[in-house]
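Scroll down for the structure; my scribbles are underneath it.
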């Protein structure tokens, strides 16, 4: 029987619609409990990184930003506003300029 | 042709680590790390190109760390050389919001079906598995932004090389059967899917995706409860994931727990703003071009890759060599794969491997000889069964979506 099912499965794999299989094969799912790495490293740069560290680590780890290519200052400015407008990042107006400066300084195109 | 290495899942951690390092030796291992952490240098268009190889994520082996929280983990190219099916523990991972449940109880989990239906449902996993016909399908899951890191000019977003994709055998139930249980009312236009993940900031847009009602009921779209014969890794969407064959992964909602039938089009951020592409051939525009009509991304396009030869590899001139790799047709099957050893001047047909269905990866292989010493460019081109071939010029758009240019592997004959 096992072999029969296997052959059927192989034959049916090639047809277009999802193929129906046998009830004996129903899986028994098991509960899962895992732990995820915290991803809490900070942006480098000491005091010059205070604004970005205080505002840009709530939703994603720093590597999201550090792995970006060098981008024009205007693109960095647009990214910060996208975080505020589209993703509702709670950022003080006063912190926007130091964050954009940090990004343009460390990951700018010129 | 080789088949899937089913032993991979059982491999010990240290062996996986060893393989990760060995596999990448050709791509430059950096010795700058304090202790033996492998670094891969991705063939991205500009720096930073180095990424750690991590085995720190649950139920996952060695993967390229693109982002720690929420996880973005890329499948190394070498994995695609090991078979047509991507092992679960090497399958790429992609989340938008960091509030991801780390504990799922299979006894209490429920899938809601609600909205424009006759009967609101709250289905247990047992009911889904036992009461509905089981179906299976082999299908490629690919991120809309796969290969974004190869875009020039560069664009912001996850800086993937080519490994934000994978192929699996999905087993589950038809979405249509689930919708029929609830009874879709006349006037339904879309079906919206939501998973258990949530934004970190309450007022931010929850990640949800919608499909038109006809697509949702086409009998192909399914809800998977196993992947390659095992329950899904939590990071790939345990316990239930939407499968939309031929469409980009943004629609394949993970940890699916809510299905809402809508009587008007979904206007949520992830449908109308994010994941939209220029309504142009290849979703291609000129950098800086504005005023373009944008539409939601949808069907995939053909792609192919050389998987046994790394960028910069060298071979003796005049000696026959094997090239091998994978291809996908996008929203239909692979008709043919052609190979060029002279930068696209001449093409030769390759031998295709087993056909596992039109939405699956398909292997190809061919022999080639580099006639004389020096630099050469290897290229591979897939044509799908709708006669759509990969283009020779790369596309560009501001989100780095839908790359499918013919890829080039630079090599040297010695």
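Tell me which residues, restricted to segment B:154-170, are assigned to a strand (DSSP E or B) and at the interface with another protein chain (Cβ under 9 Å from one of its Cβ atoms).
Restricting attention to segment B:154-170, the residues satisfying the condition of being assigned to a strand (DSSP E or B) are B:165-170.
Selection gives B:169, B:170.
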## Note on the structure
Here the residues within segment B:100-120 that are more than 10 Å from chain A (Cβ to nearest Cβ), touching a helix residue (DSSP H, G or I) at 6+ places or on another chain (Cβ under 7 Å) and under 24 Å from residue B:58 (Cβ atoms) are B:111
### Message
residue B:279 - would you say it is surrounded by fewer than 18 Cβ atoms within 10 Å (Cβ to Cβ) and free of Cβ contacts under 8 Å to residues at least 24 places away in the same chain?
### Response
yes
### Summary
A careful count of residues in segment A:89-110 that are within 14 Å of chain B (Cβ to nearest Cβ) and more than 12 Å from residue A:56 (Cα to Cα) gives 6
### Task
Kindly check whether there is at least one residue in segment B:197-208 that is buried (at least 19 other Cβ atoms within 10 Å of the Cβ) and within 19 Å of the chain's Cα centre (by Cα).
yes
### Some residue of segment B:219-237 being free of Cβ contacts under 8 Å to residues at least 40 places away in the same chain and within 9 Å of chain A (Cβ to nearest Cβ)
yes
## Note on the structure
Within segment A:87-106, residues being in contact (Cβ under 8 Å) with a residue 40 or more places away in the chain and crowded, with 18+ Cβ neighbours inside 10 Å number 3
### Task
At least 3 residues that are free of Cβ contacts under 8 Å to residues at least 40 places away in the same chain and more than 9 Å from every other protein chain (Cβ to nearest Cβ) in each: list the helices (runs of 4 or more DSSP H) lying fully within segment A:21-86 that qualify.
A:73-85
### Message
With the structure loaded, tell me whether residue B:84 is within 7 Å of chain A (Cβ to nearest Cβ) and either part of a loop (DSSP other than H, G, I, E, B) or touching a residue at least 24 places away in the same chain (Cβ under 8 Å) (or both) or whether it fails that test.
### Response
no
### Residues satisfying the stated conditions in segment B:35-62, i.e. within 20 Å of residue A:40 (Cβ to Cβ) and buried (at least 20 other Cβ atoms within 10 Å of the Cβ)
B:51, B:54, B:57, B:60
#### Entry: Positions within segment B:134-153 being in contact with a strand residue (DSSP E or B) (Cβ under 7 Å, 6 or more places away or on another chain) and within 12 Å of chain A (Cβ to nearest Cβ), in sequence order
B:134, B:135, B:136, B:137, B:138, B:139
### Message
When the residues of segment B:110-124 are narrowed to those that are part of a strand (DSSP E or B) and within 11 Å of residue B:260 (Cα to Cα), which ends up nearest to the chain's Cα centre (by Cα)?
### Response
B:111
### Query
Consider residue B:187 against the criteria (1) touching a residue at least 24 places away in the same chain (Cβ under 8 Å); (2) touching a strand residue (DSSP E or B) at 6+ places or on another chain (Cβ under 9 Å): it satisfies all of them except one. Which criterion is unmet?
(2)
### Message
Considering only residues that are buried (at least 19 other Cβ atoms within 10 Å of the Cβ) and over 17 Å from residue B:123 (Cα atoms), which ones fall in segment B:180-190?
### Response
B:188, B:190
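The rows are residues; the columns are (1) surrounded by fewer than 21 Cβ atoms within 10 Å (Cβ to Cβ); (2) under 29 Å from residue B:248 (Cα atoms); (3) within 22 Å of the chain's Cα centre (by Cα); (4) without any contact (Cβ under 8 Å) to a residue 60 or more places away in the chain.
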position	(1), (2), (3), (4)
B:332	yes, yes, yes, no
B:341	no, no, no, yes
B:375	yes, no, no, yes
B:389	yes, yes, yes, no
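When residues of segment B:121-133 are filtered for being touching a helix residue (DSSP H, G or I) at 6+ places or on another chain (Cβ under 7 Å) and more than 12 Å from every other protein chain (Cβ to nearest Cβ), how many remain?
At the first step, the residues of segment B:121-133 found to be touching a helix residue (DSSP H, G or I) at 6+ places or on another chain (Cβ under 7 Å) are B:121, B:132-133.
With the extra rule that they be more than 12 Å from every other protein chain (Cβ to nearest Cβ), the set shrinks to B:121.
Of the residues in that region, 1 qualify.
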### Task
Return yes when residue B:187 is under 17 Å from the mean Cα position of the chain (by Cα) and either closer than 30 Å to residue A:79 by Cα or not in a strand (DSSP E or B) (or both) and no when it is not.
no
### Message
So residue B:261 ticks every box in (1) surrounded by 20 or more Cβ atoms within 10 Å (Cβ to Cβ); (2) away from every other protein chain (no Cβ under 14 Å); (3) not in a strand (DSSP E or B) but one. Which box is left unticked?
### Response
(3)
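Taken together, the values in this text are just the output of simple stated rules run on the coordinates, not laboratory data. Here the structure is a predicted model, which means the values were calculated and not measured. As a convention, Cβ positions derive from the backbone with ideal geometry for all residues, glycine included, and neighbour counts pool all protein chains shown.
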